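The structure appears below as structure tokens.
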Amino acid sequence: MKYSVGFKESVVRKILPPGERSALSVAKELGISYQTVRNWLTLAKNGTLGGTDSGGALSRPVREKFNLLIQSQSIADSEKGLWLREHGLHSEHLTMYEQELREFMENKSTGDKEENRRLRLENKRLTKELQKKEKALAEMAALYTLKKKVEALWGEDEED
């Protein structure tokens with residue numbers, strides 16, 4: 001059976017850090033030959049594993065992958081093969097979709113945390129700046145009021 005580049009890369013990601021699982025355990029889990037997994041690992045280390053995905057199953061949008069995963073959970077095992085064929089999928093696509101979505105969500109939450117931190121710091125800086133400007137404005141208003149009172153009491157200074 002010919003495996004897609006995306007599937008091969010997902011298998012290699014499970015073995016390399018941060019996954020750091022043994023090639024044998026990954027091969028057994030997915031029902032792939034241990035030697036095939038070792039070959040993919042060697043190709044990945046050489047940088048020759050990559051390529052382009054010509055199949056439509058891997059180039060689907062994230063939302064569609066998510067919907068397919070949810071649908072697949074409600075299908076009985078006896079009917080799953082028919083359902084997969086109707087949607088142009090293989091069982092390994094569901095595994096890849098799940099892994100991709102998990103990575104997507106982890107990256108998104110990390111990005112959101114960094115964005116929130118940056119926004120909090122910006123908010124703090126702007127709040128300090130606003131307080132400083134409000135203080136300066138209050139001081140100027142007090143000085144202007146005093147000047148008007150002095151002018152009203154003593155009259156305008158002729159030197160101005």
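Derivation of every value follows stated rules applied to the coordinates shown; laboratory data play no part. Not measured: the values here are computed from a predicted model. All Cβ positions, even for glycine, are placed from backbone atoms using ideal geometry, and neighbour counts span all protein chains on display.
I'd like the distance separating the alpha-carbon centroids of segment 79-134 and segment 1-48, in whole Å.
25 Å
Pull up the cross-link candidates among the lysines for K113, meaning alpha carbon to alpha carbon under 18 Å and not fewer than 8 places away within one chain.
The reachable lysines, counting only those whose Cα sits under 18 Å from K113, are K124.
How large is ³J(HN,Hα) for each residue in segment 97-103, as worked out from phi by the Karplus curve 6.51 cos²θ - 1.76 cosθ + 1.60 (θ = phi - 60°), to whole Hz, x for Gly and Pro?
4, 4, 5, 4, 5, 5, 5
As I understand it, the value is the acute angle between the Cα axis of helix 62-74 and the longest principal axis of the Cα atoms of the chain; what does it come to in degrees, rounded to 10?
The angle comes out near 50 degrees.
For an R0 of 41 angstrom, estimate the FRET efficiency from the Cβ-Cβ distance between A76 and L119 and round to the nearest 0.05.
Plugging the Cβ-Cβ distance into 1/(1 + (r/R0)^6) gives 0.30.
Over all Cα pairs of the chain, how is the pair count split among 5 Å bins, expressed in % and running from 0 up to the last occupied bin?
Going from the shortest bin to the longest, the percentages are 1, 7, 11, 12, 11, 10, 7, 4, 4, 4, 3, 3, 3, 3, 3, 3, 4, 3, 2, 1, 0.
Name the residue farthest towards the positive end of the dipole of the chain from the options L30, L119, I75, assuming +1 on Cβ of Lys and Arg, -1 on Cβ of Asp and Glu, about the Cα centre.
Farthest along the dipole direction, towards plus: L30.
Which angle from 0 to 90°, rounded to the nearest 10, does the C-alpha axis of helix 5-15 make with the longest principal axis of the chain?
80 degrees
Using the structure shown, list the pairs from K2/K80; K8/K80; K80/K108; K2/K28 with a Cα-Cα distance above 26 Å, or answer none.
The pairs that break the limit, which is 26 Å between Cα atoms, are K80/K108.
Which lysines, on any chain, are close to K147 with Cα under 20 Å apart, when same-chain ones fewer than 8 places away are left out?
Within reach: K135.
With +1 on each Lys and Arg Cβ and -1 on each Asp and Glu Cβ, and nothing else charged, work out how big the dipole of the chain is about its Cα centre, in Debye to the nearest 20.
For this selection, approximately 960 debye.
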